[in-house]
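For reference, the structure is listed below as structure tokens.
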Amino acid sequence: QTAPVSTSFSPIVTKDVQIKLKSDAKNGDVKFADWDNFKFAPIRESTVSRAMTKRYFADLDKYTESDVVIVGAGSAGLSAAYILGKNRPDLKIAIIEASVSPGGGCWLGGQLFSAMVLRKPADVFLNEIGIEYDDEGDYVVVKHAALFMSTLLSKVLQFPNIKLFNATAVEDLITRRDESTGELRIAGVVTNWTLVALNHDTQSCMDPNTINCNVVLSTTGHDGPFGAFSAKRLEKLGKAPKDITQGFKPQAEQQQQPSAASADGFQLGGMRGLDMNKAEDAIVKGTREVVPGLVIAGMELSEVDGSNRMGPTFGAMALSGVKAAEAVLNAFEV
Ligand code: AHZ
């Protein structure tokens with residue numbers, strides 16, 4: 001016989017437990033006076049399951065039609081999410097992150113060091129999210145990259161109109177071709193649990209899920225196991241980003257050769273060697289809607305444009321995110 005599901009909640013602090021604030025402690029430590037009688041409020045295991053699953057599936061249902069999908073929760077994607085979430089509370093924004101832990105490559109400064117360098121004027125973004133730093137003139141230093149990432153993440157996750165689906169990979173893009181113009185538009189993303197996505201070779205028929213949206217913002221970082229995903233998918237589709245063929249050539253001097261393999265000459269730029277001065281400007285300048293309905297920002301752009309890597313300076317990721325938020329709103333189909 002199973003016990004009835006409890007519907008009433010006991011207060012967390014029972015009358016047997018005394019919690020006192022040590023008034024003389026400098027940092028206001030909490031002191032539990034009577035650990036022997038300590039007790040949590042009761043709970044049934046299925047209640048925990050329902051508390052999680054009903055919210056998750058309600059979110060899946062709600063965000064299956066989103067206004068914006070951000071692919072990748074690294075520094076660029078989360079900076080964009082912050083700007084969009086703050087300025088447009090009317091939009092439904094889903095963030096899809098392949099890793100269990102969001103944050104991308106932004107938990108350390110470089111070579112496993114703690115401090116994080118941002119060149120000016122990226123200090124404006126730190127002021128916006130309320131992070132202290134040492135001002136060194138042309139650049140600023142945050143004492144730990146994890147302070148930047150955890151602050152940004154906590155702000156983004158608090159917006160009621162943003163949902164992070166982590167441990168979920170974008171496996172493909174939803175595409176629509178305009179019948180009269182033949183122009184391709186990105187109309188959403190195809191997703192799967194990351195652990196499923198990693199096992200397509202070992203199991204058959206694990207079909208994905210989909211999210212329709214008005215604009216996709218792709219910030220999947222540079223080449224890697226999942227990285228530069230949307231740029232690579234565009235190349236497979238043989239779809240030239242419009243600014244490569246119509247004007248914007250941040251690294252034109254690098255003379256990219258058209259790929260023999262792709263139908264209309266689109267070839268991934270491929271990330272170039274490290275050059276902080278060139279790389280950061282190029283990433284911010286290059287942040288744009290590359291094909292209708294798809295904005296690319298952050299280090300993924302180095303694959304599109306063949307720009308340099310910048311290594312351990314993070315100003316371009318924050319400001320590329322800010323510019324991407326603007327590009328996302330401009331890309332909205334009216
Ligand atoms: O897990 C990835 C990471 O958190 C996630 N991601 C990649 N492919 C995905 C997919 N579906 C869902 N198919 C995916 N998520 O995207 C995130 C990318 O974060 P990042 O920190 O790698 O990229 P960023 O562009 O925000 O920042 C890059 C910062 C730089 S610069 C640099 C260098 O010059 O060497 N190295 C780094 C890490």
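The values are calculated or read from the model by the stated rules, or taken from the named source; none is laboratory data. As the structure is a computational prediction, the values presented were derived from the model and not from experiment. Note that each Cβ is placed from the backbone with ideal geometry, even for glycine, and that neighbours are counted across all protein chains shown. Please note that ligands, DNA and RNA were not included when accessible areas were found on the heavy atoms of the full protein model with its side chains. Shrake-Rupley method; radii C 1.70, N 1.55, O 1.52, S 1.80 Å.
Restricting attention to segment 171-187, does a residue exist that is closer than 24 Å to Gly103 by Cα, β-branched (Val, Ile, Thr) and at pLDDT 95 or above? So far as segment 171-187 goes, no, none of its residues is closer than 24 Å to Gly103 by Cα, β-branched (Val, Ile, Thr) and at pLDDT 95 or above. Just a yes or no: is a residue in segment 190-210 touching a Cys at 6+ places or on another chain (Cβ under 9 Å) and either modelled with pLDDT under 95 or among the hydrophobic types (A, V, I, L, M, F, W, C) (or both)? Looking for residues that are touching a Cys at 6+ places or on another chain (Cβ under 9 Å) and either modelled with pLDDT under 95 or among the hydrophobic types (A, V, I, L, M, F, W, C) (or both), one finds none in segment 190-210, hence no.
Among the residues of segment 139-149, are any assigned to a loop (DSSP other than H, G, I, E, B) and buried (at least 20 other Cβ atoms within 10 Å of the Cβ)? Among the residues of segment 139-149, not one is assigned to a loop (DSSP other than H, G, I, E, B) and buried (at least 20 other Cβ atoms within 10 Å of the Cβ), which makes the answer no. Restricting attention to segment 284-334, the residues that are assigned to a loop (DSSP other than H, G, I, E, B) and either under 18 Å from Ile83 (Cβ atoms) or more than 11 Å from the ligand (Cβ to nearest atom) (or both) add up to 10.
Here Ser154 clears all of (1) within 14 Å of the ligand (Cβ to nearest atom); (2) within 18 Å of Ile70 (Cβ to Cβ); (3) among the small types (Gly, Ala, Ser) except the condition numbered (1).
Can you tell me which residues in segment 61-91 are more than 16 Å from the ligand (Cβ to nearest atom), in a helix (DSSP H, G or I) and open to solvent by 10 Å² or more (accessible area, probe 1.4 Å)?
Kept after step one, since they are more than 16 Å from the ligand (Cβ to nearest atom), are these residues of segment 61-91: 61-62, 64-65, 67, 85-91.
If we keep only those that are in a helix (DSSP H, G or I) too, we end up with 61-62, 85-87.
Within segment 61-91, Asp61, Lys62, Lys86, Asn87 meet the criteria.
Residues of segment 210-232 that are more than 6 Å from the ligand (Cβ to nearest atom), among the hydroxyl-bearing types (Ser, Thr, Tyr) and touching a Phe, Trp or Tyr at 6+ places or on another chain (Cβ under 8 Å): Ser218 alone.
A count restricted to segment 291-332 and to residues that are under 18 Å from the mean Cα position of the chain (by Cα), open to solvent by less than 10 Å² (accessible area, probe 1.4 Å), closer than 19 Å to Ser230 by Cα and among the hydrophobic types (A, V, I, L, M, F, W, C) stands at 8. With respect to the conditions (1) at pLDDT 95 or above; (2) surrounded by fewer than 21 Cβ atoms within 10 Å (Cβ to Cβ); (3) in a strand (DSSP E or B), Leu118 falls short on a single one, namely (2).
Look at Arg176 and say whether it is within 16 Å of the ligand (Cβ to nearest atom), more than 23 Å from Tyr56 (Cα to Cα) and open to solvent by 30 Å² or more (accessible area, probe 1.4 Å). So Arg176 fails the test.
Among the residues examined, Ser154 qualifies as among the small types (Gly, Ala, Ser) and not in a loop (DSSP other than H, G, I, E, B). In this entry, Glu289 passes the filter for residues that are modelled with pLDDT of 95 or more and touching a helix residue (DSSP H, G or I) at 6+ places or on another chain (Cβ under 7 Å). Scoring Glu128 on the criteria (1) open to solvent by less than 60 Å² (accessible area, probe 1.4 Å); (2) part of a helix (DSSP H, G or I) leaves a single failure, condition (1). In segment 99-106 there is no residue matching the filter, namely being part of a helix (DSSP H, G or I) and either surrounded by fewer than 23 Cβ atoms within 10 Å (Cβ to Cβ) or in contact with a Pro (Cβ under 9 Å, 6 or more places away or on another chain) (or both).
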